[in-house]
1. Taking the 0 to 90 degree range and rounding to the nearest ten, how far is the long axis of helix 19-50 tilted relative to the main principal axis of the chain, both from C-alpha atoms?
2. Heavy-atom accessible area per residue, the chain, 1.4 Å probe: how many Å²?
3. Give, in nm to one decimal, the length gained when the segment between ARG49 and THR20 is fully stretched (0.36 nm per residue of separation minus the Cα-Cα distance).
4. Can you send over the carbon and sulfur percentage of the accessible area for the stretch 15-55, probe radius 1.4 Å, protein chains only?
5. Using the alpha carbons of the chain, what is the convex hull volume per residue in cubic angstrom, as a whole number?
6. Dipole size in debye (nearest 20) for the chain around its Cα centre, Lys and Arg Cβ +1, Asp and Glu Cβ -1?
7. If I take R0 = 22 Å and measure r between the Cβ atoms of VAL41 and LYS12 in this structure, what FRET efficiency does the formula 1/(1 + (r/R0)^6) give, to the nearest 0.05?
8. Over the chain, what is the relative contact order in percent, taking alpha-carbon pairs closer than 8 angstrom and at least six residues apart?
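The values are calculated or read from the model by the stated rules, or taken from the named source; none is laboratory data. Just so it is clear, the structure is predicted and the values come from calculations on it, not from any experiment. All Cβ positions, even for glycine, are placed from backbone atoms using ideal geometry, and neighbour counts span all protein chains on display. Side chains are part of the model used for accessible areas, which takes the heavy atoms of the whole protein and leaves out ligands, DNA and RNA. Shrake-Rupley method; radii C 1.70, N 1.55, O 1.52, S 1.80 Å.
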Amino acid sequence: FLWLHFFGPHEKLIADLGFTAQEPRIVAEYDRDVERTDRAVGSFLDRLRELGAIDETLVIVHADHGQNLGEHGYVGHGMRLD
């Protein structure tokens, strides 16, 4: 059993700034963070292939929630996921 946790595509708040002031940066960084995480997962799967273990491995990819990036006037998660 191996559990890999990727925190990349998640807002990274700066403590001294209010959330609203950080919204443009959060939205701008999101796609890059998703791409970086996608590459990391791809590298892991490539390594399983190199080791000959991919056909004997169950890989489950999941997320804990969605992310609003300005839809309905909201940036963040936990609310308004419609």
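1. 0 degrees
2. 79 Å²
3. 6.1 nm
4. 52 percent
5. Cα convex hull per residue, to the nearest whole number: 117 Å³.
6. 140 debye
7. Efficiency at R0 = 22 Å is approximately 0.70.
8. 23 percent
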